[in-house]
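The values are calculated or read from the model by the stated rules, or taken from the named source; none is laboratory data. Values in this document were obtained by computation on a predicted structure and should not be read as measured data. Positions of Cβ are backbone-derived with ideal geometry, glycine not excepted, and every protein chain shown enters the neighbour counts. Heads up: the accessible areas ignore ligands, DNA and RNA and are worked out on the full protein's heavy atoms, side chains in. Shrake-Rupley method; radii C 1.70, N 1.55, O 1.52, S 1.80 Å.
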Amino acid sequence: MRFGHHEIHSRRLLLRPRDIPPTRDDFEVIGVFNPGAALYRDEVVLLVRVAEQPRERRNGFTPLPRWTVESGIVIDWVPNDEIEPIDTRVVRRKSDGIIRLTFISHLQVIYCGDGGSVVSTSGAAFSAQSELEEFGVEDPRLTPLDGRYYFTYVAVSSHGVATALASTADFQTFERHGLIFCLENKDVVLFPQRIGGSYVALHRPNGATRFARPEMWLAKSSDLIHWGQHAWLASGQAEWESGRIGAGPPPIWTDAGWLTIYHGNVLERHRGEVGSYSAGAMLLDLEQPSRILWRSSTPILEPTADFERQGFVPGVIFPTGAVEKSGKLLVYYGAADTYTAVAEVIFM
Ligand code: MAN
């Protein structure tokens, strides 16, 4: 693709929670968001994150879903006086400060034809399958590589948040390759080709010792499984990226460099508040991707539409997939942790 001045041509809501049936009668779907995206047989295929919550309400209790080896998903009904809500997504146990998610996520294949609308939602599902996925699998990033489609995803468990790798050739059966980034790390995204002989990934370590706010890093590998040569890439600079930054879709090759769309979040000022998430872009050197050649000083996409400003977590644009099709760049993103939307970006 040729790189130049960019313009957001249109944004469109693609998927709502009610478009996807829950996996069980006593669950409701609260979000279909943060999709990986790829071209498969000339069709846009998304791998979306589906978040579900128990439907039942019991006075004085909060239901917390969890996957178990013995019985699949079970629900822990926790007395409200034992926990405190942090935000809509997480609660904290008062006795020891341990947190839990109020929902559990799995991944679902969605077929989108030319990319602008949903053709079928009944593709294969990819769900929690190990103790390291006890609280769900989230936020897949799909990268075509070596004739397969690889995806990184967040594995959430009582150990914390780590990133695992899986792959598929047909979007029907999946092969799991295990954890590739130890906790705590998410927003791990693979480049679509080797650079100087190595596979390259962007990642976002999130240490508990706060010398810095979460930053984007770069790592290299010879086999996609073992990662090293870790190097710092970028920190949040402007106010809109003062809380967190992390990679979005896999970097896109352009004649001027790797176009890398990422998210930034405003540092929260009050307890329970989630600072708004916007998308920014940077251009990384084609041969030495640790060199930033250009970076947008203002966001390229901010939550302004209703479906971006209202939802489970209001004010979130979280880009996770990008596909070049018919001369257009289609950027897929999660909106308000509730919906999947697409922005058409034109570079001139
Ligand atoms: C954050 C949010 C949630 C996510 C958890 C675990 O709290 O991004 O959506 O479920 O992290 O990854």
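Details
- GluC sites (Glu not before Pro) within segment 1-78, DSSP loop, no more than 14 other Cβ atoms inside 10 Å: GLU56, GLU70
- Segment 8-160: C-alpha pair distances exceeding 18 Å, %: 62 percent
- Rounded to the nearest 20, the size of the Cβ-charge dipole of the chain about its Cα centre is 400 debye, with Lys and Arg at +1 and Asp and Glu at -1.
- Relative contact order computed over the chain (Cα-Cα under 8 Å; 6+ residues apart), in percent: 18 percent
- Extreme residue, positive dipole direction of segment 220-325, given options VAL266, SER278, PRO319 (C-beta unit charges): VAL266
- Counting only protein heavy atoms and a probe of 1.4 Å, the accessible surface of segment 6-347 is 48% carbon and sulfur.
- In segment 1-128, a dipole from Cβ-located charges (positive for Lys and Arg, negative for Asp and Glu) runs towards its positive end, and of GLY116, GLY4, VAL45 it is GLY4 whose Cα lies farthest in that direction.
- For the chain, the 222 nm mean residue ellipticity estimated from helices alone, with every DSSP H stretch of n ≥ 4 adding -39500 (n - 2.57) and the total spread over all residues, rounds to 0 deg cm²/dmol.
- Sparse-neighbour loop sites [trypsin sites (Lys or Arg not before Pro); segment 132-218; at most 13 other C-beta within 10 Å; DSSP]: ARG210
- Using 0.36 nm per residue and subtracting the Cα-Cα separation, the extra length available between ILE225 and VAL90 on full extension is 45.5 nm.
- R0 of 35 Å, Cβ-Cβ distance ARG269-HIS9: FRET efficiency to nearest 0.05: 0.55
- Choice from ASP139, ASP114, ASP96 showing the highest fluctuation, given a GNM over the chain with Cα pairs closer than 10 Å: ASP96
- The residues of the chain have, on average, 43 Å² of accessible surface per residue, using a 1.4 Å probe with all protein chains present.
- Between VAL188, GLY72, GLY31, the Cα set farthest toward the positive side of the dipole of the chain (charges on each charged residue's Cβ, about the Cα centre) is that of VAL188.
- Applying 0.36 nm per residue to the separation of VAL161 and TRP232 and subtracting their alpha-carbon distance, the gain on full extension is 23.6 nm.
- The chain: C-alpha gyration tensor shape, a/c 1.5 cut-off, then a/b vs b/c: rounded
- Between VAL29, VAL188, VAL91, the Gaussian network model of the chain with springs among Cα atoms under 10 angstrom shows the greatest mean-square fluctuation at VAL91.
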